[in-house]
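Data block below; observations after.
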Amino acid sequence: MNSVKVLSLKIFLVMFSVLLVFGCSQSNKITDSWVNPEATKESIKFKKVAVFGLVMKTATRKLIEEQLARRLVNTIAVPSYKVVSDDDISKPEVVKAKLVEQGFDGALILRLVDIEKRESYSPGVYPSYYYSFGGFYGYSYGYMYNYTQDYGGQYMTDQIVTAEIAIYSLSSDKLIWTGETMSMNPNDVEKTIAELSENVKEQLIDDGLLTKENY
């Protein structure tokens, strides 16, 4: 094999490797999802949705909720910090009462979990606390992961962070959909939430709860 062919082969292999790396990138892709068997497209047509980012740091919570809320379409999406005070955020029944009182019929909860503490469930076998808003909310609040943009050595290189998203109907108090996603070194909250939002929408379409015309 002459030198030109050898060089061409090396260039091809390098380019192929790069395509594999970028083509297989799964940043914020939904790795698992579950749909309530009784859910239909009507199930997530909420008039008013409360958006929760259950993390320890208030500033990060507000940023996550704002970014998520602004990307929800065809509904009134409100960051939970505008409805629930810091004093009440840890009380599921108080939170639910406030939401119902103010006319919310849907809720979206995002919680961030350290990979070492990740819990994985197969579709259809989620534990009992998942199936009501209060149960999942109480569990999630008690299990919050202190996620912050200021890594300060907290994460090792290529730290993978798992996010779990749950959508609830407050009128029926039932879990409609839940999904899990993984991000590698998410140091930009706005970019991460933007990618996550698009991937959640795509998964909801794949799961039969949305159509492309809905957003």
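The values are calculated or read from the model by the stated rules, or taken from the named source; none is laboratory data. All values reported here derive from a predicted model rather than from experimental measurement. Note: accessible area is taken over every heavy atom of the protein model, side chains too, but ligands, DNA and RNA are not part of it. Shrake-Rupley method; radii C 1.70, N 1.55, O 1.52, S 1.80 Å.
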Order 182, 56 by their accessible area, 1.4 angstrom probe, all chains in place, largest first.
56, 182
By accessible area of protein heavy atoms, probe 1.4 Å, what ranking do 64, 76 get, highest first?
76, 64
Check residue 49: other-chain or 5+ apart residues with amide H under 5 Å from its amide H, H built from backbone geometry?
76, 77, 78
